[in-house]
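Okay, structure first, notes after.
The values are calculated or read from the model by the stated rules, or taken from the named source; none is laboratory data. The structure presented is a predicted model; accordingly, all values stated were derived computationally and were not measured. Reconstructed Cβ throughout: ideal geometry from the backbone, glycine too, with neighbour counts over all protein chains shown. These area figures cover heavy atoms from the full protein model, side chains too; ligands, DNA and RNA do not enter into them. Shrake-Rupley method; radii C 1.70, N 1.55, O 1.52, S 1.80 Å.
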Amino acid sequence: MSYDFDTPVDRRGTDSYKWDVKDGELPMWVADMDFKTAPEITAAIQRRAEHGVYGYSLVPDEWYDAVTGWWRRRHSFNIEKEWLIFCTGVVPAVSSIVRKLTTVAEKIVVLSPVYNIFYNSIVNNGRRVLECSLAYSDGVYDIDWDGLETALSDTQTTMLIFCNPHNPVGKIWDRDTLARVGEMCRRNHVTVISDEIHCDVTDPGRGYVPFASASETCRSISVTCVAPTKCFNMAGPRRS
């Protein structure tokens, strides 16, 4: 199967959230690629559409097989079927986890600059944002370890919303960094939500390390949110 990354696609007039803008405006603020999705995905959608009935459906075993198989083959991480919960999007998942695993008025740490909707998921659910700014030197972002320790050790802090790879700075966190974050959170009784929606959008030859694979501690204290929407440019169907 060949893949076309060269043919421009005119998306104006398609109710595109990204391109419903004024002429001459360059909408670079939204993570929405302009490549067509993989032909295999288009063919699968067409086959399903031809059936003609779109009633309520179950989550089939093929979905679990697709997720576990992808992470095993591409990221060398064995995910158990029982660990997976289907959801209609990463943002709804993050908000639900915030409500389930924290209490109103507790503090949730974010490593800024970070995806702005994290703030909505915290504030809209009655929790408090505790910002820990990333360190920046010579064009490189990293974790301010002293600042993170201070934030996590706050007695009102119960959660860290982590971004791996980090949006918007593009940082791919290495295994040692992830393990260190996990150990700090365990020591301070802090649960981690790891948003890994951009995990497959990396340069050739550059992989990412799933937070839950970095150590047994990381796996035991975290919930990971993943989706095919960014890598395969299919955010519209909302199947995460």
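Worth a mention:
- Test: residue in the stretch 28-39 that is touching a Ser or Thr at 6+ places or on another chain (Cβ under 6 Å) and either closer than 30 Å to residue 160 by Cα or modelled with pLDDT of 95 or more (or both): no
- Residue match in the stretch 187-206 (condition: open to solvent by 50 Å² or more (accessible area, probe 1.4 Å), within 14 Å of the chain's Cα centre (by Cα), over 17 Å from residue 134 (Cβ atoms) and in contact (Cβ under 8 Å) with a residue 12 or more places away in the chain): yes
- Scanning the stretch 50-87 for residues that are part of a loop (DSSP other than H, G, I, E, B) and acidic (Asp, Glu) returns a single hit, 80.
- Qualifying residue in the stretch 148-162 (condition: in a loop (DSSP other than H, G, I, E, B), open to solvent by less than 40 Å² (accessible area, probe 1.4 Å), of a type outside the set (Ser, Thr, Tyr) and in contact (Cβ under 8 Å) with a residue 24 or more places away in the chain): no
- Residues in the stretch 207-227 that are part of a loop (DSSP other than H, G, I, E, B) and open to solvent by less than 50 Å² (accessible area, probe 1.4 Å): 208, 209, 210, 214, 215, 221, 226, 227.
- Residues (open to solvent by 40 Å² or more (accessible area, probe 1.4 Å) and of a type in the set (D, E, K, R)) located in the stretch 15-32: 15, 20, 22, 23, 25
- Residues being assigned to a helix (DSSP H, G or I) and either of a type in the set (A, V, I, L, M) or in contact with a Leu (Cβ under 6 Å, 6 or more places away or on another chain) (or both) - total across the stretch 163-183: 3
- Tally, over the stretch 126-144, of residues that are in a loop (DSSP other than H, G, I, E, B), surrounded by fewer than 17 Cβ atoms within 10 Å (Cβ to Cβ) and touching a Ser or Thr at 6+ places or on another chain (Cβ under 8 Å): 1
- Among the residues examined, residue 103 qualifies as of a type in the set (Val, Ile, Thr), farther than 22 Å from residue 181 by Cβ, at pLDDT 95 or above and in a loop (DSSP other than H, G, I, E, B).
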